[in-house]
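Step one of this worksheet: look at the structure below.
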Amino acid sequence: MKNVKIICIFSLLILPIWLFSQTPVQLIEFNDIAPGGGNYWTTPTEVSGRVFYQYRNSGNSNHYLYVTDGTTNGSSLLRTFNGPISAPHVINNNQYLFLADNDGDNRYEVWTSDGTVGGTTQLIEFSQVSGFGWPTPTVINNKVFYQNNTQSSTGHLYVTDGTTSGSSQLMSFNDIITYPHVKSQTQYLFWTDNDGDFMPELWTSNGTSGGTQQLFETGSVYAVGSPGPGIEAGGKMFYCYLAQTSSGELYVTDGTPGGSGFVGASITQIHSPHVIGNQFMFTTDIDYNAHGEIWTSDGTNPGTTMLFESTAPYYSAPPINTLVVGGRAYYHYLTNGFGHHLIASDGTAAGTNFLKTFSEVFVSHHTINGNQYLFIADDDNNNRLEIWTSNGSVGGTTQLFEFSDVTGSAFPSHYERNGRVYYHHTGFNNNSYYLASTNGTSGGTSQAFSSNQTIKHHHDINNFGGRYLFVADNDGDQKLEVWTSDGSSGGTTQIFEFAANAANNTPIVSEVNGVNYYQYENSGGGTSNLYVSDGTPAGSSNIGSFNGKINVPHSINGDQYLFIADNDQDGRQEVWSVSGLANIEDIKQQSTFQVYPNPTQDFITVSSDELFVGTSYSIIEITGKIVGSGVIEHDSSSTISLQDLPKGIYILQLSNKNLDKRFRIVKQ
């Protein structure tokens, strides 16, 4: 046991380590064989401290609804349905709803459940047989809207507020309902063609029949259907519409009939709609001269103006918006001569500029810290890719780094973490792999790691200020390893290695309550292992072995890890839990306790009116091992030394006759 000192008196106590056991526990087994002999994974939905599961049997004849609160006693079957169930959704942030066809008549019903058998009830049944699959629920303003489209191409709009009396059909249409969407998070909008003239209409509904009305109709017959869900800018919704004549048309609505209608048209299709701040932007070729243009619109014809026209003819389309970063939009433009042009705009004509032509490859547009634009190119055409950045000016468009090897079969993937972007780069013939990173400057960009074996699967962990992790097989023994990197060669280290050869799949990683869980399928696919890690070697271990696959990671309240398995291989799935870090309190949310500094490098101070002489404390690793304990000798405040402990996550438990508190501590 590590020597953990308390500035007062030090003594040892035996505490119940089962409180922090990382042993997986089966909560419930579903009572019927799943499709695929247990390889069918259910969809969990968490609502108000419960997780609901929709499950069907192998013959697709029975469908089941299960629930768990994370305990064995709180896990049960709620109801068996004679027909399919699907489309789980949530209303009011605390009510679970779903669609079903319990009576098997192909007319869907809306159901709700509070997690009890008696509280699992039908709200409404649709009057029409659906012909286009499950109706799509759209949640807005504590209501749910459903469009039920039939095989005869009619559409029917329904609504519910989560009660039987508040569930009804609002209106029927002579055409299907498409592209339901929301304006300003408060107004429900959708498209249909109620009069059957092939000119789509935009409709809105407030959840009442009287408040379901048409806003406008397009003035042209469509080429490929309705304009789509649109883009919101400056309190208005903008819609780009392709007419049968192949012309592009722009429409707008402020959510009222008087504020809705036609804005303008282009000879060619409107491309790449996007927003800078609250300003709507798009690209097109309005005069059809093969010189792409960048446009902006305030929703009026006079306020729809061209900002920029390229000097070189485009190859296949006008400039494509790639990313909006720091109040600027960046555009990629491929010319007839196959040069790749970079253009930037701040939404004004004066602030829209051509920046640079690249000879080859212009991909992987991304940001760092949300305000710096980066991309991958091959400007010197030597097949070795480069990392570039731009601040929207010619002088500020610069190369940061060139990869040392010719590119293999894929472009580098990237992942941002803590002010750095990390890149996995595959070399020529896919036999060399590299990790590079940048902080957005040339001096802060370098190669951190190379291997003859694969590097993959970016992920992170929110401990020690947040850390970047990846999976590799650096020693080539087919046993994957988890690594961490701070962007430097010396700061790129292995955390742990999985104990068995890997199957083809990459481990499934989930972070719950500050630790990562890894679902690892062993070679051959016959067994799987579950690992837990706090991002340090000491805090990483194999906590369970399973027959077959383990899958569908999820959690309850963000502090209890759950997953699905078929450990006994009988074809019936089971819900499992690892509750080792459940009920650990967030110190920042405590009004009566202060534990500081946290994270810490050496000491923590515990302060509270509930802390008095005789209160026992224990320091526990996430694996359940007690690494220190003692007794408080003074009321209200004491200081504990963690100097002899390695970096990692620990649980501080405080106990007396009136107190049982557990807090997460991070030692950096």
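The values are calculated or read from the model by the stated rules, or taken from the named source; none is laboratory data. Predicted, not measured: the structure shown is a model, and the values here were computed from it. Cβ placement follows ideal geometry from the backbone for every residue including glycine, while neighbour counts extend to all protein chains displayed. Remember, those area values only see protein heavy atoms, side chains included, never the ligands or the DNA or RNA. Shrake-Rupley method; radii C 1.70, N 1.55, O 1.52, S 1.80 Å.
Computed values, structure above
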| read-out | value |
| --- | --- |
| Given charges at Cβ of Lys, Arg, Asp, Glu: the chain dipole, positive-most of T178, S220, A565 | A565 |
| Surface share of carbon and sulfur [accessible, 1.4 angstrom probe, percent] for the chain | 46 |
| Net dipole in debye of the chain [+1 Lys, Arg Cβ; -1 Asp, Glu Cβ; about Cα centre; nearest 20] | 1300 |
| Relative contact order %, the chain, counting alpha carbon pairs below 8 Å whose residues are six or more apart | 10 |
| FRET efficiency, 1/(1 + (r/R0)^6) with R0 30 Å, evaluated for D475 and F428 via beta carbons | 0.85 |
| Average accessible area per residue (Å²) across the chain - probe 1.4 Å, nucleic acids and ligands excluded | 40 |
| FRET efficiency, 1/(1 + (r/R0)^6) with R0 22 Å, evaluated for N174 and T245 via beta carbons | 0.35 |
| The stretch 411-458: relative contact order in percent, alpha carbon pairs under 8 Å with at least 6 residues between | 29 |
| Rg/Rg_globular for the chain, with Rg_globular taken as 2.2 N^0.38 Å and Rg from C-alpha atoms | 1.13 |
| Cα-based shape type of the stretch 345-386, given that a ≥ b ≥ c are square roots of the gyration tensor eigenvalues and the cut on a/c is 1.5 | oblate |
| Prolate/oblate/rounded call for the stretch 376-502, Cα gyration tensor, a/c under 1.5 rounded | oblate |
| Of S540, S316, T348, farthest towards positive along the dipole that unit charges on Lys, Arg, Asp, Glu beta carbons give the chain | S540 |
| Cα gyration tensor, the stretch 145-237 - rounded (a/c under 1.5), prolate or oblate | oblate |
| Partner aspartates and glutamates for K661 [C-alpha distance under 17 Å; skip if fewer than 8 residues away on the same chain] | D559, E585, D586, D609, E610, E621, D635 |
| Kirkwood estimate for the stretch 216-310, i.e. one over the average of 1/r between Cα atoms, Å | 13.3 |
| Leading residue at positive end of dipole, the chain (Cβ point charges), from F280, V90, A265 | V90 |
